[in-house]
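Let me begin by presenting the structure, written as structure tokens, before commenting on it.
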Amino acid sequence: MLNLKVHIDNNSGFCFGVVYAIQLAEEILNEKGILYCLGDIVHNDEEIQRLRKKGLITISHDQLQNVKNETVLLRAHGEPPSTYQIAIENNLTLVDASCPVVLKLQNRVKQSADADKKIFIYGKRGHAEVEGLIGQSNNEVVVFQDIKELDFEKMPKKISLYSQTTKSTEKFYSIYNQLLEQGIEIDLNDTTCRQVSNRDIQIRSFAQSADVIVFVSGLKSSNGKVLFEACKQYNPRTYFVSSTSEIDPSWFNALETVGICGATSTPMWLMEEAKVRLMGW
């Protein structure tokens, strides 16, 4: 027996936007037994499988074109205006679980677009939230994940700078300062979600509280990748798992302390399941 001492990070688990979306989904599923969801409700395969068993059907934007007279959940990431137009044409009942932080960001991007400002978004192209933002601006935006992608000489001398809500606040301001050094005038819009960005700070402290860290996250989670790297930086013995079956006993020595944490898309029940597995060794 390893007799591990295991504790779960109290700050880990779903952010309020994801909690709200899943609560809405479960209420409808309990009532109707079926609900369409536009895209993954959360970037965690284990949670999606749990909800699928209750009747949740995940559809793509292409598939949405052929869905008529049904109820469709819009997840926390937000949607472009085109989605709402399709809903009207197809007589769909929308359950809008868009995160209020994302909706505020969409509104600000639209205002910048309406004012013909040059919009730059620090984010991941293809991410649902970013695609929703692009839709607010008639596709006239520049999306980048790293400042190295930008050609300073070809950039406008005045831009509006935004961030995907789940990106690192620290890195966002680093990008801002580097652009200023290049003589670029910036209309700065700090649109990172503080509940998410504060996790980055909290998790660094948590990573140092145990001998070994087990980081539980879905493979698709952008936030998960950021937080895992933060953990790894402060505790080299940090291991990434997407399901509890991936946890390997060889990672641990007898009587060590183990911390379990995760992304804003990681359900608490999955981290608790990981704890039960570890306590059994």
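The values are calculated or read from the model by the stated rules, or taken from the named source; none is laboratory data. No experiment lies behind these values; they were computed from the predicted model shown. With ideal geometry, Cβ positions are generated from the backbone for all residues, glycine too; neighbour counts draw on all protein chains shown.
So which residues in the range 20-42 are surrounded by fewer than 14 Cβ atoms within 10 Å (Cβ to Cβ) and under 17 Å from Cys99 (Cα atoms), if there are any at all? Steps first, answer last, please.
Within the range 20-42, the subset surrounded by fewer than 14 Cβ atoms within 10 Å (Cβ to Cβ) is 23, 27, 30-34.
Correct list: Gln23 only.
For the range 239-278, how many residues meet the condition of being among the β-branched types (Val, Ile, Thr), buried (at least 22 other Cβ atoms within 10 Å of the Cβ), touching a strand residue (DSSP E or B) at 6+ places or on another chain (Cβ under 8 Å) and closer than 30 Å to Phe172 by Cβ?
Quick first cut of the range 239-278, residues among the β-branched types (Val, Ile, Thr) only: 241, 244, 247, 257-258, 260, 264, 266, 276.
If we keep only those that are buried (at least 22 other Cβ atoms within 10 Å of the Cβ) as well, we get 258, 260, 264, 266.
From what is left, the residues that are touching a strand residue (DSSP E or B) at 6+ places or on another chain (Cβ under 8 Å) are 258, 260, 266.
This time we only want the ones that are closer than 30 Å to Phe172 by Cβ, so: 260, 266.
Counting residues in the range 239-278 that are among the β-branched types (Val, Ile, Thr), buried (at least 22 other Cβ atoms within 10 Å of the Cβ), touching a strand residue (DSSP E or B) at 6+ places or on another chain (Cβ under 8 Å) and closer than 30 Å to Phe172 by Cβ gives 2.
Answer yes if at least one residue in the range 131-147 is touching a Phe, Trp or Tyr at 6+ places or on another chain (Cβ under 7 Å) and of a type in the set (Ser, Thr, Tyr), and no otherwise.
Within the range 131-147, none of the residues are touching a Phe, Trp or Tyr at 6+ places or on another chain (Cβ under 7 Å) and of a type in the set (Ser, Thr, Tyr).
In the range 136-163, how many are within 17 Å of Ile186 (Cβ to Cβ) and touching a residue at least 40 places away in the same chain (Cβ under 8 Å)?
Selection size over the range 136-163: 6.
Scan the range 134-148 and give yes if some residue there is surrounded by 18 or more Cβ atoms within 10 Å (Cβ to Cβ) and part of a helix (DSSP H, G or I), otherwise no. Even if it seems obvious, please write down each step before you answer.
Residues of the range 134-148 surrounded by 18 or more Cβ atoms within 10 Å (Cβ to Cβ): 134-137, 141, 143.
In the following step, the residues that additionally are part of a helix (DSSP H, G or I) were identified as 134-135.
Taking every residue of the range 134-148 in turn, at least one turns out to be surrounded by 18 or more Cβ atoms within 10 Å (Cβ to Cβ) and part of a helix (DSSP H, G or I).
Looking at Lys5, is it touching a residue at least 24 places away in the same chain (Cβ under 8 Å), within 30 Å of Ser250 (Cβ to Cβ) and out of contact with any Cys (no Cβ under 8 Å at 6 or more places or on another chain)?
Working: touching a residue at least 24 places away in the same chain (Cβ under 8 Å): yes; within 30 Å of Ser250 (Cβ to Cβ): yes; out of contact with any Cys (no Cβ under 8 Å at 6 or more places or on another chain): yes.
Against the criterion (touching a residue at least 24 places away in the same chain (Cβ under 8 Å), within 30 Å of Ser250 (Cβ to Cβ) and out of contact with any Cys (no Cβ under 8 Å at 6 or more places or on another chain)), Lys5 qualifies.
If a residue must be charged (D, E, K, R) and under 16 Å from Glu47 (Cα atoms), how many such residues does the range 206-251 contain? Step through it out loud before you land on a result.
Within the range 206-251, the first condition is being charged (D, E, K, R), and the residues that meet it are 211, 220, 225, 229, 232, 237, 246, 248.
From what is left, the residues that are under 16 Å from Glu47 (Cα atoms) are 220.
So the answer is 1.
Take the residues of the range 111-130 that are touching a helix residue (DSSP H, G or I) at 6+ places or on another chain (Cβ under 9 Å) and surrounded by fewer than 21 Cβ atoms within 10 Å (Cβ to Cβ): which is farthest from Glu185 (Cα to Cα)? Show your work before the answer.
From the range 111-130, those touching a helix residue (DSSP H, G or I) at 6+ places or on another chain (Cβ under 9 Å) are 117-125, 127, 129; that's our starting set.
Restricting the remaining residues to those that are surrounded by fewer than 21 Cβ atoms within 10 Å (Cβ to Cβ) gives 117-118, 124-125, 127.
On the way: Lys117: 12, Lys118: 11, Lys124: 23, Arg125: 24, His127: 27 Å.
So the residue we want is His127.
Looking only at the range 149-180, count how many residues are in a helix (DSSP H, G or I), among the hydroxyl-bearing types (Ser, Thr, Tyr) and either within 23 Å of Ala97 (Cβ to Cβ) or at pLDDT 95 or above (or both).
Result for the range 149-180: 3.
Which of the residues belonging to the range 59-109 are touching a His at 6+ places or on another chain (Cβ under 8 Å) and of a type outside the set (A, V, I, L, M)? Reasoning before the result, please.
Our first condition is that a residue be touching a His at 6+ places or on another chain (Cβ under 8 Å); within the range 59-109, this holds for 77, 83, 98-99, 102.
Across the range 59-109, the qualifying residues are His77, Thr83, Ser98, Cys99.
All but one of (1) within 22 Å of the chain's Cα centre (by Cα); (2) in the same structural domain as Leu188 (by TED's automatic domain parsing) hold for Lys118, so report the exception by its number.
(1)
Count, please, the residues in the range 218-238 that happen to be surrounded by 17 or more Cβ atoms within 10 Å (Cβ to Cβ), closer than 14 Å to Ser205 by Cα and modelled with pLDDT of 95 or more.
4
Could we say that Glu79 is crowded, with 19+ Cβ neighbours inside 10 Å, under 21 Å from Asn139 (Cα atoms) and either within 20 Å of the chain's Cα centre (by Cα) or at pLDDT below 95 (or both) here?
Details: crowded, with 19+ Cβ neighbours inside 10 Å: yes; under 21 Å from Asn139 (Cα atoms): yes; either within 20 Å of the chain's Cα centre (by Cα) or at pLDDT below 95 (or both): yes.
Yes.
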